[in-house]
Amino acid sequence: HGRRGEPTDLAGRHVVVSAGGTREYLDPVRFLGNRSSGLQGYALARAAVARGAEVTLVAANVSLPDPAGVKVVRVETTAELRDAVVGAAAGADAVVMAAAPADYRPLETSTSKMKKAEDGSAPVVRLRQNPDILAELSRERPRPGCVIVGFAAETGDAEGTVLEHARAKLARKGCDLLVVNDVSGGKVFGEADNEAVVLDREGGAHDVPRGSKSALAHVIWDRVAARFETG
Ligand code: CTP
Ligand code: CA
């Protein structure tokens, strides 16, 4: 056991965690972004260090101090996030995609600051899809047996329940574990606490009671460590 009593079940393991939300620039000073705080990814990084892992944290636009004992790589865009995660993941034992990459980026980015139209008109911003990092990692596997974990914030709708959407997403992405937050109430972003279910690719589900992001982080590493055991 570690200094604070946590198990050192991740000793000798290298894990990569992504955190925060990406920015997609329209021009040098303006971007499309999202409200991801990075708190869950940082909690995952701290929990993994406490359990003995070597941790690389790829942080997109997070205003939090670097956790002790963690290698932090700072990025802004989804393209940068992808390159940093894929680079750090070479030889890693697990990758957890807690970051919120923007689904789209502007088709064109102006190299100079865009001026407001003098005739009162507004520009139309055309978008294109960003690469899906989680799907790529799941498909290419940085090394055999590397455990790939995704996150999903879902709401139920006419097409299906939260869990049905989550199951479909896990299958579509091809990851090993999917941590699902029910955001039907419109909460979660920037909140201190989290409530989740961890789905695995074999069809299993682990309910995580409402608790701290640190508590959820430890449950996620429990599930990852269990997969290391079984191979
Ligand atoms: N993700 C990723 N690359 C992207 C988008 C998402 O790696 N371009 C990862 C996220 O980090 C998260 C998981 O995929 O771990 C699920 O993200 P989500 O936005 O729910 O998935 P999408 O496929 O974008 O589906 P949705 O239409 O619900 O946004
Ligand atoms: Ca998305």
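The values are calculated or read from the model by the stated rules, or taken from the named source; none is laboratory data. Just so we're clear, the structure is a prediction, and the values are computed from it rather than from any experiment. As a convention, Cβ positions derive from the backbone with ideal geometry for all residues, glycine included, and neighbour counts pool all protein chains shown.
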Criterion violated by V29 - all others in (1) within 26 Å of E195 (Cβ to Cβ); (2) surrounded by fewer than 16 Cβ atoms within 10 Å (Cβ to Cβ) satisfied: (1)
- request: Give the residue, chosen from A102, A45, A84, A89, that is within 16 Å of ligand 2 (Cβ to nearest atom), small (G, A, S) and in contact with a strand residue (DSSP E or B) (Cβ under 9 Å, 6 or more places away or on another chain).
  value: A102
- request: Among the candidates A68, A50, single out the residue that is of a type outside the set (K, R), in contact with a Ser or Thr (Cβ under 9 Å, 6 or more places away or on another chain) and over 30 Å from R105 (Cα atoms).
  value: A50
field: A158 vs. criteria among the small types (G, A, S) and either under 17 Å from A99 (Cα atoms) or surrounded by 13 or more Cβ atoms within 10 Å (Cβ to Cβ) (or both)
entry: no
query: Taking the stretch 101-110, which residues are of a type in the set (A, V, I, L, M, F, W, C) and away from ligand 1 (no atom under 12 Å from the Cβ)?
result: L107
- request: Scan the stretch 153-175 for residues that are within 12 Å of ligand 1 (Cβ to nearest atom) and among the charged types (D, E, K, R) and jot them down.
  value: E154, D157, E159, K169, R172, K173
task: Take the residues in the stretch 193-211 that are within 17 Å of the chain's Cα centre (by Cα) and either within 21 Å of L57 (Cβ to Cβ) or at pLDDT below 95 (or both), then tell me which one is surrounded by the fewest Cβ atoms within 10 Å (Cβ to Cβ).
output: D193
- prompt: What is the one condition in (1) at pLDDT 95 or above; (2) touching a Leu at 6+ places or on another chain (Cβ under 8 Å); (3) crowded, with 21+ Cβ neighbours inside 10 Å that L216 does not satisfy?
  reply: (2)
- prompt: Quick one: how many residues across the stretch 142-162 are assigned to a loop (DSSP other than H, G, I, E, B), more than 15 Å from V197 (Cα to Cα), in contact (Cβ under 8 Å) with a residue 12 or more places away in the chain and not small (G, A, S)?
  reply: 3
- line: Exception for V124 within (1) surrounded by 13 or more Cβ atoms within 10 Å (Cβ to Cβ); (2) β-branched (V, I, T); (3) away from ligand 1 (no atom under 14 Å from the Cβ) falls at (1)
- line: How many residues of the stretch 67-91 are within 10 Å of ligand 1 (Cβ to nearest atom) and closer than 23 Å to A50 by Cβ? The answer is 1
message: Restricting to the stretch 219-231, name every residue that is at pLDDT below 95 and either under 19 Å from A171 (Cα atoms) or part of a helix (DSSP H, G or I) (or both).
response: E229, T230
task: Look at A79 and say whether it is in contact (Cβ under 8 Å) with a residue 40 or more places away in the chain, over 22 Å from A171 (Cα atoms) and hydrophobic (A, V, I, L, M, F, W, C).
output: yes
- request: Would you confirm whether any residue within the stretch 126-137 is over 14 Å from the mean Cα position of the chain (by Cα), of a type in the set (A, V, I, L, M) and assigned to a loop (DSSP other than H, G, I, E, B)?
  value: no
query: Among the candidates A98, A94, which residue alone is buried (at least 18 other Cβ atoms within 10 Å of the Cβ), under 19 Å from Y42 (Cβ atoms), in contact (Cβ under 8 Å) with a residue 12 or more places away in the chain and away from ligand 1 (no atom under 12 Å from the Cβ)?
result: A94
